[in-house]
1. Multiply the residue gap between Asn184 and Thr118 by 0.36 nm, knock off their C-alpha separation, and tell me the result in nm, one decimal place.
2. Mind listing which GluC sites (Glu not before Pro) in the range 79-188 are in a DSSP loop and have 15 or fewer other Cβ atoms within 10 Å?
3. May I ask for the percentage of alpha-carbon pairs in the range 7-146 that lie more than 26 Å from each other?
4. Please arrange Ile154, Ile23, Ile135, Ile167 by how many other C-beta atoms lie within 10 Å of their C-beta, fewest to most.
5. DSSP loop (so not H, G, I, E, B), at most 11 other Cβ within 10 Å: list which chymotrypsin sites (Phe, Trp or Tyr not before Pro) in the range 1-64 pass both filters.
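Values in this text are rule-based calculations from the coordinates and carry no lab data. What you are looking at is a predicted structure, and each value in this text was computed from that prediction instead of being measured. Using ideal geometry, Cβ is built from the backbone for each residue, glycine included, and neighbour counts are taken over all protein chains shown.
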Amino acid sequence: MADSTIDDGYLFFFHGRFGPATIFGKDLPGGILGTGHHNVASCPAWLRPGVVAALPLDSGWAEFVYLRYNDAGAPPAMAARQIAIPVAETWTDYTNDPDNAGAQITEGNPLAVVCLSTMTDTYYGWFQCGGKPAIIYVPALNGNFATAVADVVIGLVCSNDLEADAIGLGIVAADTEFPIGYANHADA
């Protein structure tokens, strides 16, 4: 069966998986996608990998974590609405290719995050890790998220290895899969 999709309006990602927020919206020059800190070759002095930022939504907050995109090979191009997981034994280098994840689990990885934009290999940037997809700050999050073989139902979702050699969302199907969010509608 082929991979499927679910609309951003039906998803909520759990807060607090990366610790408390230490940066809030007003402290981000240029917003979450500011050119001085998102998709940049070196980590700015006022940031470090693993820092969490929070931005207010119409109801609640969206959380973002600062990480480095490291393709560790030749993955699919990183783009908004893709799911990424840690590379091998790191927790600050992330990939969107299940083949480059090394020993990391792709099915139900508790540290899975949402990509905000295209990213250059080994560059630093923000990834959403909590709340509803923050389309008011990142319009590219508006749309469909990839899911595994039309199996997302109302309930818990986790990272999932897709047929398309990428990482998307799937149902929590085993007690070894860690949920990263909730879907209040089935996928297409």
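1. Numbers: separation 66, 0.36 × 66 = 23.76 nm, distance 2.74 nm.
Working it through step by step, the gained length comes to 21.0 nm.
2. Details: sites: Glu89, Glu107, Glu163, Glu177; in loops: Glu89, Glu107, Glu163, Glu177.
Sparse-neighbourhood loop GluC sites (Glu not before Pro): Glu89, Glu163.
3. Numbers: 1406 of 9730 pairs.
It works out to 14 percent of all Cα pairs.
4. Values: Ile154 11, Ile23 18, Ile135 15, Ile167 29.
Neighbour counts put them in this order, fewest first: Ile154, Ile135, Ile23, Ile167.
5. Working: sites: Tyr10, Phe12, Phe13, Phe14, Phe18, Phe24, Trp46, Trp61, Phe64; in loops: Phe14, Phe18, Trp46.
Of the chymotrypsin sites (Phe, Trp or Tyr not before Pro), the ones in loops of the range 1-64 whose Cβ has at most 11 other Cβ atoms within 10 Å are Trp46.
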